[in-house]
Amino acid sequence: MINKIKQNILQIHFNEFGSCVYILKLDNKNILIDTSSQFTRTELLKDLKQLKIKPEQIQIIILTHNHWDHNANINLFPNAQILNHKNEKEIEKLGFKFIKTPGHTKDSISLLYQDILFSGDTLFNDGIGRTDFPESQPEKMQESLDKLKKLDYDILCPGHIN
Ligand SMILES: [Zn+2]
């Protein structure tokens, strides 16, 4: 299902289990934030088709962290450059504020774009992400949440909404 967040920012969420996918058109670049899971692949392709966006037209994918329910569809996008926690400079060049938010995983990042916060699995509308995975860093979670609390945002775009 496609939700319009702003004129140039869309959220796709799915019936099957997997993260939300955000589509942003910034400076004529098509950017995805996360790609969801293998279970949502068909829905994702159908929604992109409805939006008249071809997978080849996605130029950049930013992963909020490296979990399978967020990264499983990167191979649908042959022309996309993949950016993650290692690419602070490139991500900031696109117009985002890049925020390291370890806790759910060591490699979790959040992204602020204007008044919209993309929070991955760090912060949800009704709670916070799990910190009991082997790749989690539970001792860092509170500090990460405090960083997000200080940001000036109006719209939360989390990794999962249901
Ligand atoms: Zn996760």
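Where a number appears in this text, it was derived from the coordinates with a stated rule and is not lab data. Note that this is a predicted model, so its numbers are computed, not measured. FYI the Cβ positions are ideal-geometry reconstructions off the backbone, even for glycines, and counts take in every protein chain you see.
Table for the structure above
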item: Enumeration of residues in the stretch 1-50 that are touching a residue at least 24 places away in the same chain (Cβ under 8 Å), among the charged types (D, E, K, R) and outside any strand (DSSP E or B); result: Glu16, Asp27, Asp34, Arg41, Glu43, Asp47
item: Inter-residue pairs, beta-carbon under 9 Å, first on the phi > 0 side of the Ramachandran plot and in the stretch 94-110, second hydroxyl-bearing (Ser, Thr, Tyr) and within 16 Å of the ligand (Cβ to nearest atom), 6+ apart; result: Gly103/Thr122; Gly103/Thr131; Gly103/Ser136; Gly103/Ser144
item: Tally, over the stretch 62-96, of residues that are more than 16 Å from the ligand (Cβ to nearest atom) and surrounded by 13 or more Cβ atoms within 10 Å (Cβ to Cβ); result: 13
item: Residues of the stretch 97-141 that turn out to be surrounded by fewer than 18 Cβ atoms within 10 Å (Cβ to Cβ) and among the small types (Gly, Ala, Ser), as a count; result: 1
item: Members of the stretch 100-125 that are under 13 Å from Lys140 (Cα atoms), away from the ligand (no atom under 11 Å from the Cβ) and not in a strand (DSSP E or B); result: Thr101, Pro102, Lys106
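Listed here are the residues, each with its yes/no results for (1) basic (Lys, Arg); (2) free of Cβ contacts under 8 Å to residues at least 60 places away in the same chain; (3) within 27 Å of Ile31 (Cβ to Cβ).
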position	(1), (2), (3)
Phe118	no, no, yes
Phe124	no, yes, yes
Arg130	yes, yes, yes
Pro134	no, yes, no
Leu151	no, yes, yes
